[in-house]
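See structure below.
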Amino acid sequence: MCGRFAQSQTREEYLAYLAEEAERDIAYDPEPIGRYNVAPGTKVLLLSERDKQLHLDPVLWGYTPGWWGKPPLINARVETAATSRMFKPLWLHGRAIVFADGWFEWKTEGGKKQPYFIHRTNGQPLFMAAIGSTLFERGDEAEGFLIVTTAADKGLVDINDRRPLVLSPAAAREWIRQDVGGKEAERIVEDGAVSGEHFTWHAVSRAVGNVKNQGSELIEPINY
């Protein structure tokens, strides 16, 4: 699954992989986002396409349709999202991308939960598939977004049996195109997902368990 991640670089560093400036309706901002411990229930910068332009909006991580009556959902399984009653409309019309440097998972070791930071071996950012409300620009508190997850493969299954669906830059750009239909989006996922062999991980401080902690030291490797 994905319940915590880092989104620390500048907007430009992420966007440079995806689109030329002419394709964006996004104000230039040289300041790093600087979030090393992004948690559900907070607003996260989310990339989507509207009117053939890319937009970056702060959107609540968590999806709660009006009829749900339960705690917000934060993940959607790729295996069922395209066809389920709840998620199919989001898959069709609310596809988006979440930038990340990596994500955190916890593994029980010696009776304690040890957090790990998982990231791309080549150091490139992650473009995680997301689905949610189509009204991203409103910042609607009632309906936010979910990160799409897939089954873990390669060594990643040793950490958790689920992981975020990470797309290549080219696939990420196609994923959010408004003229792409549901079936085509499924094909993009099949062809453009980044496989587990492209990731590595290391143990990090248990301080990441406290959402108030946000410093860069949270993603640094530790010896234990």
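Please report how far the C-alpha centroid of the stretch 41-75 lies from that of the stretch 145-224, rounded to the nearest whole angstrom. Between the Cα centre of the stretch 41-75 and that of the stretch 145-224, the gap is 17 Å. Within straight-line reach of residue 107, meaning a Cα separation under 22 Å, sit the following lysines at least 8 residues removed in sequence or on another chain: 154, 212.
Its relative contact order, with pairs defined as Cα atoms under 8 Å and 6+ residues apart, puts the stretch 1-112 at 33 percent. Note on the chain: semi-axes of the ellipsoid equivalent to its C-alpha gyration tensor, largest first and rounded to whole Å, are 26, 20, 18. Relative to the dominant Cα principal axis of the chain, helix 182-192 is inclined by about 40°. Relative contact order for the chain: what is it in percent, counting Cα pairs under 8 Å that are at least 6 residues apart? Normalised by residue count, the contact order of the chain is 23 percent. Between the amide H of residue 42 and those of 61, distances stay under 5 Å, these residues lying 5 or more places away or on another chain, with hydrogens modeled in the peptide plane.
Rule-based calculations on the coordinates, nothing more; no lab input. Remember, it's a predicted structure, so these values are computed and weren't measured experimentally.
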